[in-house]
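The values are calculated or read from the model by the stated rules, or taken from the named source; none is laboratory data. Predicted, not measured: the structure shown is a model, and the values here were computed from it. Cβ atoms come from the backbone with ideal geometry, glycine included; neighbour counts cover every protein chain shown. Protein only, heavy atoms only, side chains kept; ligands, DNA and RNA dropped before computing areas. Shrake-Rupley method; radii C 1.70, N 1.55, O 1.52, S 1.80 Å.
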Amino acid sequence: DAMVIQNPRYQVTQFGKPVTLSCSQTLNHNVMYWYQQKSSQAPKLLFHYYDKDFNNEADTPDNFQSRRPNTSFCFLDIRSPGLGDAAMYLCATSGDRQGPQTQYFGPGTRLLVL
Amino acid sequence: GNSVTQMEGPVTLSEEAFLTINCTYTATGYPSLFWYVQYPGEGLQLLLKATKADDKGSNKGFEATYRKETTSFHLEKGSVQVSDSAVYFCALIGQAGTALIFGKGTTLSVSS
């Protein structure tokens, strides 16, 4: 089955220690997104890639970066995690980035910062 | 800017009860509208969508109709099951947008 895969499902890191979350997709979609969902809140878009074109949301902290080495994989790097970065991180994909595009989500990675 | 407002939860129902979760939106032009469901500890699953006015999205017994005149996209199900217990998010993508704009989510709890 075509899908969006996120690893690991749970990640524990220490305050200030860089961490990388990964996402892969077998849907061959052009667009990949990273959302942050804090406890009991709605998901919020951090950034997206349209093919190799990176698009950062205006209010995404500089502490968050992303890489997309190929169509299938996308990584979220948190350079110096703070306690406030503890959240569920959701990866999503879509065929295109405008119009009535459905975004397909992975299961998420829950990040705990100690 | 675009926004989504959905009813506060939690919503607590008995099995086989009728469900309505209200959702209204603010957007320019003609957004696409979605309902996503999130089971405990899981990511978001698309439940249904509608891309133009008067469209009805439906899936697994759930329905929602895109009402342009009332800017609403209320979720309904005629007979809920215990397995429907989850958080439901109403969301939109603007006509020229990229990001899904979510409501705050409504927790549904169904008891047998």
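For every residue, the table says whether it meets (1) touching a residue at least 40 places away in the same chain (Cβ under 8 Å); (2) more than 17 Å from B:Leu44 (Cβ to Cβ); (3) surrounded by fewer than 18 Cβ atoms within 10 Å (Cβ to Cβ); (4) in contact with a Gly (Cβ under 8 Å, 6 or more places away or on another chain).
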residue: A:Ile5; (1), (2), (3), (4): yes, no, yes, yes
residue: A:Pro8; (1), (2), (3), (4): yes, yes, yes, no
residue: A:Ser22; (1), (2), (3), (4): yes, yes, yes, no
residue: A:Tyr35; (1), (2), (3), (4): yes, no, no, no
residue: A:Leu45; (1), (2), (3), (4): no, no, no, no
residue: A:Tyr49; (1), (2), (3), (4): no, yes, no, no
residue: A:Thr60; (1), (2), (3), (4): no, yes, yes, no
residue: A:Asn63; (1), (2), (3), (4): no, yes, yes, yes
Restricted to region B:72-106, and to residues that are open to solvent by 50 Å² or more (accessible area, probe 1.4 Å) and at the interface with chain A (Cβ under 9 Å from one of its Cβ atoms), which residue is nearest to A:Leu90 (Cα to Cα)?
B:Ile101
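From the list A:Leu76, A:Leu111, A:Leu90, which residue is within 13 Å of chain B (Cβ to nearest Cβ) and touching a Phe, Trp or Tyr at 6+ places or on another chain (Cβ under 7 Å)?
Values: A:Leu76 fails: within 13 Å of chain B (Cβ to nearest Cβ); A:Leu111 fails: within 13 Å of chain B (Cβ to nearest Cβ).
Being within 13 Å of chain B (Cβ to nearest Cβ) and touching a Phe, Trp or Tyr at 6+ places or on another chain (Cβ under 7 Å) holds for just one of A:Leu76, A:Leu111, A:Leu90, which is A:Leu90.
Would you pick out the residues in region B:28-70 that are more than 13 Å from every other protein chain (Cβ to nearest Cβ) and closer than 21 Å to A:Ala92 by Cβ? Give the steps one after another, and end with the answer.
Filtering region B:28-70 for residues more than 13 Å from every other protein chain (Cβ to nearest Cβ) gives B:28, B:54, B:56, B:58, B:60-65, B:67-70.
Once the filter is applied, which keeps residues that are more than 13 Å from every other protein chain (Cβ to nearest Cβ) and closer than 21 Å to A:Ala92 by Cβ, region B:28-70 yields B:Lys60, B:Phe62, B:Ala64.
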Please specify each residue of region A:65-113 satisfying the condition of being out of contact with any Ser or Thr (no Cβ under 7 Å at 6 or more places or on another chain), loosely packed, with under 15 Cβ neighbours inside 10 Å and outside any strand (DSSP E or B).
A:Pro69, A:Asn70, A:Arg79, A:Ser80, A:Gly82, A:Leu83, A:Gly84, A:Gly95, A:Asp96, A:Gly99
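So is A:Tyr35 among the aromatic types (Phe, Trp, Tyr), within 12 Å of chain B (Cβ to nearest Cβ) and farther than 30 Å from B:Glu8 by Cβ or not? Reasoning before the result, please.
Numbers: among the aromatic types (Phe, Trp, Tyr): yes; within 12 Å of chain B (Cβ to nearest Cβ): yes; farther than 30 Å from B:Glu8 by Cβ: no.
It is false that A:Tyr35 is among the aromatic types (Phe, Trp, Tyr), within 12 Å of chain B (Cβ to nearest Cβ) and farther than 30 Å from B:Glu8 by Cβ.
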All-but-one check, B:Ser112 against (1) farther than 30 Å from A:Asn56 by Cβ; (2) within 14 Å of another protein chain (Cβ to nearest Cβ), failing number (2)
Taking region B:11-25 as the search range and keeping residues that are more than 17 Å from B:Ala50 (Cβ to Cβ) and in a strand (DSSP E or B), which one is farthest from the other protein chains (Cβ to nearest Cβ)?
B:Ser14
Filtering region A:13-54 down to residues that are in a strand (DSSP E or B) and over 27 Å from B:Gly105 (Cα atoms) yields A:Thr13, A:Val19, A:Thr20, A:Tyr50, A:Asp53, A:Phe54
